[in-house]
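A.B. asks: Below: one structure in C-alpha cells.
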Amino acid sequence: MSDAAEISRSSYDYVIVTLDGFTTRKAEGTVLLKSIGDAIRESSTEVIIGGIGVDLRDVYLRSMALPAHRILSGALGMLCHRVANFELPLHAPTDPVLLSKADVAYRHIHKTSFLLEDRFPEAARRFAAIYDASGVSS
C-alpha cells in the first residue's frame, strides 16, 4: 500500500516500510514517512524499517514524529519492489491477477524473512508471533 491515508482506515499491529535508504531521504520518502506517522499516531501501530542505510532510524524518528519504542530497525530476507512499471518473471505460486492489484511485491530469498533489532525485545516478540502464525514463514 502506498497511500498512507488507507492505513488510518484499518487497524494494524505493524507497518513495514520498504523504502531503500536513498529514497527514504528524498522528499518523496520523508513526505510518505510523515503521512504514515500522521496516520498511525493515535494508534498503537508499530513501524518496522525494512530498508538499509546509515542513520536510517534517525530519519524515521524525525519524519514520523513517533515515540522511539514504536520504530524498529529491521532487515528483510526478501526482495521488495513496486509492481507498477516492473516486468519480472512470475515465481510459483504467484497469482498474476492478485499481483496486478498490488502496490508492492516481494520474494523470499532467504530462510529468515525478517531480522529485527533487539532494542525493544517485546515488540520484536509480538511481531514474530504474528508472522509465525500467518504461515508465510513455514
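The values are calculated or read from the model by the stated rules, or taken from the named source; none is laboratory data. This structure is a prediction, so every number in the text was calculated from the model and none was measured. We place every Cβ from the backbone using ideal geometry, glycine too, and count neighbours over all the protein chains shown. Remember, those area values only see protein heavy atoms, side chains included, never the ligands or the DNA or RNA. Shrake-Rupley method; radii C 1.70, N 1.55, O 1.52, S 1.80 Å.
A.B. asks: Which trypsin sites (Lys or Arg not before Pro) in the stretch 50-138 pass both tests, a DSSP loop state and at most 14 other beta-carbon atoms within 10 Å?
C.D. replies: Hits after loop and neighbour filter: LYS111, ARG119.
A.B. asks: Of ASP20, ASP95, ASP103, which is the most mobile in a GNM of the chain whose springs link Cα atoms less than 10 angstrom apart?
C.D. replies: Of ASP20, ASP95, ASP103, the most mobile in the Gaussian network model is ASP95.
A.B. asks: Top mean-square fluctuation among ALA102, ALA123, ALA75, Gaussian network model of the chain, C-alpha springs under 10 Å?
C.D. replies: ALA102
A.B. asks: Might you tell me the accessible area per residue for the chain, computed with a 1.4 Å probe and given in Å²?
C.D. replies: 64 Å²
A.B. asks: Restricting to bridges with both residues inside the chain, how much of the DSSP beta-bridge set is antiparallel, in percent to the nearest 5?
C.D. replies: 55 percent
A.B. asks: Rounded to the nearest 0.05, what FRET efficiency is calculated for ASP20 and ILE130 with R0 set to 25 Å and r the Cβ-Cβ distance?
C.D. replies: Efficiency at R0 = 25 Å is approximately 0.55.
A.B. asks: For helix 121-134, report the angle its Cα long axis makes with the longest principal axis of the Cα atoms of the chain; keep it between 0 and 90° and round to the nearest 10°.
C.D. replies: Helix 121-134 sits roughly 20 degrees off the main axis of the chain.
A.B. asks: Please list, in chain and number order, the residues 5+ apart from PHE114 or on another chain whose amide H is under 5 Å from its amide H, with Hs placed from the backbone.
C.D. replies: The answer is GLY77.
A.B. asks: With contacts defined as alpha carbon pairs under 8 Å and 6 or more residues apart, what's the relative contact order of the chain in percent?
C.D. replies: It rounds to 22 percent for the chain.
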